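Enquirer: Please read through the structure below; I'll follow up with questions.
Please treat every number below as a calculation from the coordinates, not as lab data. Owing to the predicted nature of the structure, the values given are computational and were not obtained by experimental measurement. For neighbour counting, all protein chains shown are included, and Cβ atoms are generated from backbone atoms with ideal geometry for every residue, glycine included.
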């Protein structure tokens, strides 16, 4: 059964959570630490409806199902090849009754799922703008990393429309765009409530930021203690091992 779910070049990786596994193709695009950290930062209550915008191969819904009691999780992905891989990973873990993978555009998310229907929205969106480092705008990796098919504003706008009043939006992004992120969230009435900067090493600049925003919330932002990834080269800190489930 497992072999039947795999295509050429694909492999199965152990997620170290509930015995779950995920199908990946190293020739295309594999999930990174940012997705794992976002799933560790995000929260969902029992019975919540959760949607992940730009889910790729479905890593965030699968990890969120493992750590929460959300009743239904949706992964929205515009690239059919990635969505197909995500569906096969859901089937591999026998999670079809909990996780739904939908092929579609973030810009049409409200048309697909309805306004104010979600308790939680997560997203690990493309970080890069312009042509910086962009070699092939049609490649899977380019679409995942660069704002080729959607922008930061597209993601925030969709999250704001999908969330119920009081619902929460969780996102991982890059610190160099933090001012733009905060402005965009405010423009769509998503109040930043919690933020955590991620540092590769204790003496380096942060390279990721985790943000929680609330639809219609009051103005009060908690900045959590820094998250340090490595104690030394090749050795994770204890907190990173905990997030990964080791």
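Enquirer: What is the spin-label model distance, in nm, from residue 222 to residue 110 if the labels are put 7 Å beyond Cα along the C-beta direction?
Expert: About 3.0 nm separates the two model spin labels.
Enquirer: Gaussian network model of the chain, Cα springs within a sub-10 Å range: biggest mean-square fluctuation belongs to which of 213, 42, 179?
Expert: 179
Enquirer: At a 10 Å Cβ-Cβ cut-off, how would you order 36, 90, fewest neighbours first? Don't skip to the answer; put the middle values down first.
Expert: Details: 36 22, 90 25.
Starting with the residue having the fewest Cβ neighbours, the order is 36, 90.
Enquirer: Right, something else. Given the C-alpha centroids of the range 182-246 and the range 18-92, what is the distance between them in whole angstrom?
Expert: First find each Cα centre; the distance between them is then 19 Å.
Enquirer: Then there's this: At R0 = 22 Å, how high is the FRET efficiency between residue 102 and residue 186 if r is their beta carbon distance? Nearest 0.05 is fine. Before the final figure, lay out the partial values.
Expert: Numbers: r = 29 Å, r/R0 = 1.31.
Efficiency computed from Cβ-Cβ geometry: 0.15.
Enquirer: So between residue 201 and residue 232, what do we pick up on full extension, going 0.36 nm a residue minus the alpha carbon distance?
Expert: Computed gain between residue 201 and residue 232 is 10.4 nm.
Enquirer: Among 46, 189, 157, which one shows the biggest mean-square fluctuation in a GNM of the chain, springs joining Cα atoms closer than 10 Å?
Expert: 46
Enquirer: Would you calculate the separation in nanometres between label points at residue 27 and residue 5, each defined as 7 Å from the Cα along the Cα-to-beta-carbon direction?
Expert: Reported label-point gap for residue 27 and residue 5 is 2.1 nm.
Enquirer: Moving on. Just rank 82, 39, fewest to most, by other beta-carbon atoms within 10 angstrom. Can you show the working numbers first?
Expert: Numbers: 82 24, 39 27.
Ranking 82, 39 by Cβ neighbours within 10 Å, fewest first, gives 82, 39.
Enquirer: Rule-of-thumb check for the chain: C-alpha Rg over 2.2 N^0.38 Å?
Expert: In units of the 2.2 N^0.38 Å rule of thumb, it is 0.96.
Enquirer: Taking the DSSP beta bridges in the chain as the whole, what percent of them are antiparallel, to the nearest 5? List each step's numbers first, then the result.
Expert: Numbers: 20 of 44 bridges.
Expressed as a percentage, antiparallel bridges in the chain total about 45.
Enquirer: If you don't mind, there's one more thing I want to ask. Among 20, 241, which comes first, second and so on when ranked by fewest other beta-carbon atoms within 10 Å? Could the numbers behind the result be given before it?
Expert: Details: 20 21, 241 12.
The fewest-first ordering by Cβ neighbours comes to 241, 20.
Enquirer: What per residue convex hull volume, in Å³, comes out for the range 1-92 when only alpha-carbon positions are used? Could you put the intermediate results ahead of the total?
Expert: On the way: hull volume 8.4 nm³, N = 92.
Spread over its residues, the Cα hull of the range 1-92 gives 91 Å³ apiece.
Enquirer: Another question, then. Select from 56, 104, 114 the residue whose mean-square fluctuation is largest in a Gaussian network model of the chain (Cα-Cα springs shorter than 10 Å).
Expert: 114
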